[in-house]
Amino acid sequence: MELGLRGRRALITGASSGLGLGCAQALAGEGATVTLVARSEVRLRAAAVTIDAQCHLLVGDVGDLDNIPRLVAEAEKMMGGIDILVANAGGPPPGTFASTDLSAYEPALRLNLLATVALCKATVPAMRTRGWGRVVAITSISVREPIGTLILSNTARAGLTAFLKTLATEVAPDGVTVNSLQPGLHLTDRLAALYDDPAAVAVGIPARRLGDPADFGRIAAFLCSDTAGFITGAAVPVDGGASHGLQ
């Protein structure tokens, strides 16, 4: 299927590994120009080697909200504009209500909610002016079914989902779609940090395997395509059937 992404310009944050890198690889594979953002230049350069196309690299921390306008401006200068935003960031530390201090909520909300809001504020107006744009945010299956040991992620990403749904309704008439992907357990560094034996948790997934970041990236690329132009305001689980809700 031709996705119509050749020549489109994509900014992907949290792109040096895992799901963010999977999205960058898939978009580049469809002919999009990509700019990868992450905190580590070393990891960004290693990620760039895995992309079989020219890509741009930007070192920056999206948790620093004041830094986001600069990152977006530099990406626009490198690519001539931004048509696609894939908003991704690492998850906050695990914890329960009893074990999590109040002070831990602010950085979690900044990284996993406000950073995406700031990225949208910096990129979506130009998309609306051009009459075409795509926003795909990577959240978590915990939005659909809260995970008891991830109270910070549950809280921040649920708030982000509400923001994205609201934004989607506002910008839909301008040719801009806004969706989120809710990953379950995928083979990423984040999974290795949360579980001593990541492979063992696949037993609880109906698909009986962990997700592949490359497959996840191709789903994100589809949401960025012309074909998916009538999909907006959606929050799509990508979890091998692990969530139990009807929706």
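The values are calculated or read from the model by the stated rules, or taken from the named source; none is laboratory data. As the structure is a prediction and not an experimental result, all values here were calculated from the model. Cβ sites come from the backbone with ideal geometry, for glycine too, and all protein chains shown count toward neighbours.
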Being buried (at least 17 other Cβ atoms within 10 Å of the Cβ), out of contact with any Lys or Arg (no Cβ under 6 Å at 6 or more places or on another chain) and either of a type in the set (Asp, Glu) or at pLDDT below 95 (or both): is that true of ILE147 here?
no
Taking ALA73, is it among the aliphatic types (A, V, I, L, M) and either part of a loop (DSSP other than H, G, I, E, B) or loosely packed, with under 14 Cβ neighbours inside 10 Å (or both)?
yes
What are the pairs with Cβ atoms under 6 angstrom where one residue, in the range 194-214, is at negative phi and the other, located anywhere, is among the hydroxyl-bearing types (Ser, Thr, Tyr)? Sequence gap at least six, or different chains.
VAL201/TYR195
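Hey, can you tell me all the residues within the range 26-50 that are assigned to a helix (DSSP H, G or I) and of a type outside the set (Val, Ile, Thr)?
We begin by selecting, within the range 26-50, every residue assigned to a helix (DSSP H, G or I); these are 26-29, 41-49.
Within the range 26-50, ALA26, LEU27, ALA28, GLY29, GLU41, ARG43, LEU44, ARG45, ALA46, ALA47, ALA48 qualify.
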Taking the range 164-200 on its own, how many of its residues are over 18 Å from SER140 (Cβ atoms) and assigned to a helix (DSSP H, G or I)?
11
Kindly indicate the residue of the range 179-223 that is in contact with a Phe, Trp or Tyr (Cβ under 9 Å, 6 or more places away or on another chain) and within 30 Å of ASP83 (Cβ to Cβ) and also surrounded by the fewest Cβ atoms within 10 Å (Cβ to Cβ) among those meeting that condition.
HIS186
Could you list, in sequence order, the residues of the range 1-18 that are outside any strand (DSSP E or B), within 16 Å of ALA214 (Cα to Cα), touching a Leu at 6+ places or on another chain (Cβ under 8 Å) and not polar (S, T, N, Q)?
ALA15
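Rundown of residues vs (1) more than 26 Å from ALA118 (Cβ to Cβ); (2) among the small types (Gly, Ala, Ser), yes/no style:
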{"position": "ALA168", "(1), (2)": "no, yes"}
{"position": "THR177", "(1), (2)": "no, no"}
{"position": "ASP212", "(1), (2)": "yes, no"}
{"position": "GLY241", "(1), (2)": "yes, yes"}
The lone exception for GLU41 - which of (1) of a type in the set (D, E, K, R); (2) in contact with a strand residue (DSSP E or B) (Cβ under 8 Å, 6 or more places away or on another chain); (3) surrounded by 19 or more Cβ atoms within 10 Å (Cβ to Cβ) it fails:
(3)
